[in-house]
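The values are calculated or read from the model by the stated rules, or taken from the named source; none is laboratory data. A quick note: this is a predicted structure, and the numbers were derived from the prediction, not measured. Backbone-built Cβ (ideal geometry, glycine too); neighbour counts: all protein chains shown.
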Amino acid sequence: MRSRVIAGNWKMNKTPAETREFLESVKERISRADARVFVFPPLICIPEAVEVLKDTDVCVGAQNFYYEEKGAFTGEVSADMLICAGAKAVIIGHSERRDIFGESDELINLKLKKAVEKGLIPILCCGESLEIREAGTAAAHIERQIKSAFDGISAKDAAKCIVAYEPIWAIGTGKTATSDQAQEICACVRETLKSIYGGSVSDVIPVLYGGSMNAGNAAELVACEDIDGGLIGSASLKEEFADIVNV
Ligand code: 13P
């Protein structure tokens, strides 16, 4: 049985004080759900989030890190630093990191390897642009992203990962993929994982959908066979996040 996962990616939103206020208000509702719940606040809000959620099963993670141990990497933080701050998970390969900050498939692979080595739970993101979708090559693109990200990762480590399919054209646009579109690509993610690791591993890796998921469309999306939950952006900043968790 795969676990259900609902994760909130706050992106560059909320101060530490706002983090505390928001999490205090949703804490009870997000911690008694029948799902693994993650929140990914901005880096400096992680200690605040960890403190507020300390008596719950809600897992606090980081939106990014750098794969080196330490050294001259201005502006970066290491996996060990995140762990010291109380993070238990990390988002890797989000399309905003790939597109705005130029992260390559090679870098994403190095980050995924380091995250599993350090015991951080990775949420590995993949997704196609509108151009790729319209060209009819979305599935091939996703297969390539997954194979590249998991290159050199053992079956044992892969089984600890979570994958999120986030079509770029659905992120922050209010334009959600239909459940058929989302299911098709999430099934492709699982097939690709099966081709690398076999069914015993691909069957336990949660595959999430992300892209304008909200309290109104979450139930239909997570009812799909290969969609095990959601990676939520803007709706995770509001009380609505608790509604989605309880869906
Ligand atoms: P939205 O839910 O705001 O579309 O963002 C999705 C996302 O990018 C989550 O990582």
Looking at GLU220, GLU225, GLU191, which one is over 28 Å from VAL58 (Cβ atoms) and of a type in the set (Asp, Glu)?
GLU191
Only one residue in GLY198, GLY230, GLY174 is at pLDDT below 95 and either within 26 Å of THR19 (Cβ to Cβ) or more than 17 Å from the chain's Cα centre (by Cα) (or both). Which one?
GLY174
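When you look at ALA159, is it more than 22 Å from ALA135 (Cα to Cα) and either in contact (Cβ under 8 Å) with a residue 12 or more places away in the chain or away from the ligand (no atom under 15 Å from the Cβ) (or both), yes or no? Lay out the reasoning, then the answer.
Details: more than 22 Å from ALA135 (Cα to Cα): yes; either in contact (Cβ under 8 Å) with a residue 12 or more places away in the chain or away from the ligand (no atom under 15 Å from the Cβ) (or both): yes.
Considered against the rule, which asks whether it is more than 22 Å from ALA135 (Cα to Cα) and either in contact (Cβ under 8 Å) with a residue 12 or more places away in the chain or away from the ligand (no atom under 15 Å from the Cβ) (or both), ALA159 comes out as yes.
Kindly indicate whether any position in region 86-93 is away from the ligand (no atom under 16 Å from the Cβ) and touching a helix residue (DSSP H, G or I) at 6+ places or on another chain (Cβ under 8 Å).
Applying the first criterion (away from the ligand (no atom under 16 Å from the Cβ)) to region 86-93 yields 86-88.
Within this subset, residues satisfying the condition of being touching a helix residue (DSSP H, G or I) at 6+ places or on another chain (Cβ under 8 Å) are 86-87.
Yes: region 86-93 contains one or more residues that are away from the ligand (no atom under 16 Å from the Cβ) and touching a helix residue (DSSP H, G or I) at 6+ places or on another chain (Cβ under 8 Å).
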